[in-house]
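Following: one structure in structure tokens, then a few remarks.
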Amino acid sequence: MNFHCDKCGKPATIHLTEIVDGDKIEKHFCQNCASTDGITIQAEIPIGQLLEDFVLQSESASEAEELECEVCGMKFSDFRDTGLLGCPNDYDVFADAMASVLERAQEGALQHIGKVPHGSDDTQKRQTAILRLRSELKSAITGEDYERAASLRDQIKELDN
């Protein structure tokens, strides 16, 4: 069915349906009349910019596929396929690549806000803490913060006993 603009009679490309007091009201506009009335905003983005943005997104997706956790060896492609992470450090390693996933799953939070399941025993909690501390230890050594590294090393030894 071909509709014509309610204002000027040209072929309509914008179609709106409103419900007012239970009655359906259909409105049809051409692009010019819709823009004049503020119904649409024409984007003035050059095609070159759109192509550049597309290439950059593709490159960042390729880079994300190559990410790998140094603690558990999990690859981002494994996470994408299974939806499961290997260890708490994965949240840091894959943070940029999975930010939108985390936002949806954690109600806008980009940091992991979950907890260890209530039925978990102390062994599970201790192992999780050790993995986290080892990751922090690597960061401290890389940053040459040797005092913090020594403190983390001591905490790991205490939990291992």
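Laboratory data are not the source of any read-out in this text; all were calculated from the coordinates shown. These numbers come from a predicted model, not from an experiment. Neighbour counts run over all protein chains shown; Cβ positions are idealised from the backbone, glycine included.
Table for the structure above
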{"item": "Order of VAL20, VAL71, VAL93 - criterion: other Cβ atoms within 10 Å of each residue's Cβ, fewest first", "result": "VAL20, VAL71, VAL93"}
{"item": "Residue list for region 76-98, given a label point 7 angstrom along the Cα-to-Cβ vector of LYS138 and an amide N cut-off under 20 Å", "result": "76-80, 84-98"}
{"item": "Rounded to whole Hz, the Karplus (6.51, -1.76, 1.60) HN-Hα couplings of region 150-161, x for glycine and proline", "result": "5, 5, 5, 4, 5, 5, 5, 4, 5, 6, 6, 6"}
{"item": "Whether region 1-42 is rounded, prolate or oblate, judged on the alpha carbon gyration tensor where a/c under 1.5 counts as rounded", "result": "oblate"}
{"item": "Fully extended contour minus Cα-Cα distance, from TYR91 to ASP145, at 0.36 nm per residue", "result": "17.2 nm"}
{"item": "HIS4 long-range amide H proximity, modeled H, under 5 Å", "result": "ALA12"}
